[in-house]
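Written below as structure tokens is the structure these notes are about.
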Amino acid sequence: MPFGQLVIGPPGAGKSTYCTGMCDIANQMGRKTIVCNLDPGSGSLTYEPTIDVRDLVTVQDVQDELDLGPNGALLHCMEYLLEETDWLVAELAKHEDCYVLFDLPGQVELFSCHTALRDIVRALQKDGGWELVTVHLCDSCLLIDTSKYISMALLSLSQMCMFETPSVNVLSKIDIGGREGLPFNMSDYTDGLHIHTIAESLPSLPSIQRFKTLNTSVGEILDTFGLVSFCPCSVTDSKLMKAVLSRADRALGYTMRTLAQAPADQYSLDEVLAATSDTGAVSDDMVQDALRNYGL
Ligand SMILES: Nc1nc2c(ncn2[C@@H]2O[C@H](COP(=O)(O)OP(=O)(O)OP(=O)(O)O)[C@@H](O)[C@H]2O)c(=O)[nH]1
Ligand SMILES: [Mg+2]
């Protein structure tokens, strides 16, 4: 039963950089990890992809051949990849012993309303037997603006509904996100229980009262269900990266399922534990310490 992370998020949220950093950290922990680039529009990458969708199709080629703009061409590429999922499943089958990080494009429609990516994910699960957790990166620089935070929370909920996979929402680039000083404590943003309180801090001008009421009501609904929480992260901080991996592992039941399927004659118990439960050593206190380093 192979495992992996679908790394999604808006353009520039840090997906490719996260894949680079997470691949290094997981490999250092003894977990054999590779990156699969599923962004047909990506230029130069900060990692060497083991599998690359650009070997099948690129945004530039589609733009040239079909006279489409970059966004239309990207959607066309994802629809083409959906038709060719056999290619992807076969490529991945060569690396079934690896933990795979899928680096995805940033176009928001791919994880909100366009179904090609969702159907590709379903094919990987059904035909390839892949167990996948979605890691949704949101740029923490947006925290400074309360309405953007509510918007990010809704986007996170949207991807959770869309993919039907376990998911971890991440506030990326935390090393620079709090630079200008945040209006609330970091824990208020991460625990997903204070969204309506944060919304109430919006200005109470008569001209935007209805806008504030809408944001507060949305916040109340999100708080009530407690579905959207965030994990703070920076690729520059190995403890925070391991904390994200730990969350992703728990969401997938990775440790127990890896232990259950590891053939006793191939792996020793110690090897499996080293590659899985090491992330459990990142306690909440260690995360708090790491955040303090960034003034948060
Ligand atoms: N300070 C800081 N910068 C980061 C971090 N993660 C990413 N970046 C920077 O953010 C910028 C965008 O990162 P990318 O990894 O290219 O983002 P992306 O989400 O893959 O972007 P698209 O593929 O275009 O959607 C780059 O300049 C990165 O160096 C981080 O944790 N801290
Ligand atoms: Mg990228």
Check: Quick check, is residue 93 at pLDDT 95 or above and in contact with an Asp or Glu (Cβ under 7 Å, 6 or more places away or on another chain)?
Finding: no
Note to self: Against the conditions (1) more than 28 Å from residue 157 (Cβ to Cβ); (2) within 13 Å of ligand 1 (Cβ to nearest atom); (3) free of Cβ contacts under 8 Å to residues at least 40 places away in the same chain, where does residue 74 fall short? Just the number, please.
What the structure shows: (1)
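Okay, residues lined up against (1) at pLDDT below 85; (2) within 26 Å of residue 15 (Cα to Cα):
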{"residue": "197", "(1), (2)": "no, no"}
{"residue": "200", "(1), (2)": "no, no"}
{"residue": "203", "(1), (2)": "yes, no"}
{"residue": "208", "(1), (2)": "yes, no"}
{"residue": "221", "(1), (2)": "no, no"}
{"residue": "224", "(1), (2)": "no, no"}
{"residue": "229", "(1), (2)": "no, yes"}
{"residue": "233", "(1), (2)": "no, yes"}
Notebook entry, point to check: Got a number for residues in segment 12-29 being away from ligand 2 (no atom under 14 Å from the Cβ), surrounded by fewer than 22 Cβ atoms within 10 Å (Cβ to Cβ) and farther than 14 Å from residue 48 by Cβ?
Noted result: 3
Next item on the list: Pull up segment 140-154, narrow it to residues that are surrounded by fewer than 20 Cβ atoms within 10 Å (Cβ to Cβ) and either among the small types (Gly, Ala, Ser) or within 19 Å of residue 105 (Cβ to Cβ) (or both), then point me to the one that is nearest to the chain's Cα centre (by Cα).
Entry: 151
Notebook entry, point to check: Taking residue 6, is it more than 10 Å from ligand 2 (Cβ to nearest atom) and closer than 14 Å to residue 103 by Cβ?
Noted result: yes
Note to self: Given the options 9, 4, name the one that is under 30 Å from residue 154 (Cα atoms) and within 16 Å of ligand 1 (Cβ to nearest atom).
What the structure shows: 9
Next item on the list: Identify, by number, the condition in (1) more than 16 Å from ligand 1 (Cβ to nearest atom); (2) touching a strand residue (DSSP E or B) at 6+ places or on another chain (Cβ under 9 Å) that residue 89 doesn't meet.
Entry: (2)
Checklist line | Near pairs, Cβ below 8 angstrom, 6+ apart or cross-chain, from segment 224-243 (in contact (Cβ under 8 Å) with a residue 24 or more places away in the chain) to any residue that is of a type in the set (Lys, Arg) and more than 16 Å from ligand 2 (Cβ to nearest atom) | finding: 231/247
Notebook entry, point to check: Where in segment 149-245 are there helices (runs of 4 or more DSSP H), lying fully within it, with 1 or more residues that are closer than 27 Å to residue 283 by Cα and touching a His at 6+ places or on another chain (Cβ under 6 Å)?
Noted result: 186-190, 209-225
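Okay, residues lined up against (1) assigned to a loop (DSSP other than H, G, I, E, B); (2) of a type in the set (Phe, Trp, Tyr):
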{"residue": "80", "(1), (2)": "no, yes"}
{"residue": "92", "(1), (2)": "no, no"}
{"residue": "96", "(1), (2)": "yes, no"}
{"residue": "109", "(1), (2)": "no, no"}
{"residue": "113", "(1), (2)": "yes, no"}
{"residue": "117", "(1), (2)": "no, no"}
{"residue": "125", "(1), (2)": "no, no"}
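Out of 65, 48, I need the residue that is assigned to a loop (DSSP other than H, G, I, E, B) and of a type in the set (Asp, Glu). Which one? Break it down stepwise before answering.
On the way: 65 fails: assigned to a loop (DSSP other than H, G, I, E, B).
Answer to the selection: 48.
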Notebook entry, point to check: Quick one: residue 77 ticks every box in (1) over 25 Å from residue 11 (Cβ atoms); (2) surrounded by 15 or more Cβ atoms within 10 Å (Cβ to Cβ) bar one, so which box is it?
Noted result: (1)
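A quick yes/no check of all residues on (1) within 16 Å of ligand 2 (Cβ to nearest atom); (2) not hydroxyl-bearing (Ser, Thr, Tyr):
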position	(1), (2)
151	no, no
159	no, yes
170	yes, yes
185	no, yes
198	no, yes
206	no, yes
220	no, yes
Next item on the list: Look through segment 110-137, keep the residues that are at pLDDT below 95 and under 15 Å from residue 13 (Cβ atoms), and return whichever of them is surrounded by the most Cβ atoms within 10 Å (Cβ to Cβ).
Entry: 111
Next item on the list: Go through (1) surrounded by fewer than 20 Cβ atoms within 10 Å (Cβ to Cβ); (2) closer than 23 Å to residue 162 by Cβ; (3) away from ligand 2 (no atom under 16 Å from the Cβ) and name the single condition residue 67 misses.
Entry: (2)
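The values are calculated or read from the model by the stated rules, or taken from the named source; none is laboratory data. Not measured: the values here are computed from a predicted model. All Cβ positions, even for glycine, are placed from backbone atoms using ideal geometry, and neighbour counts span all protein chains on display.
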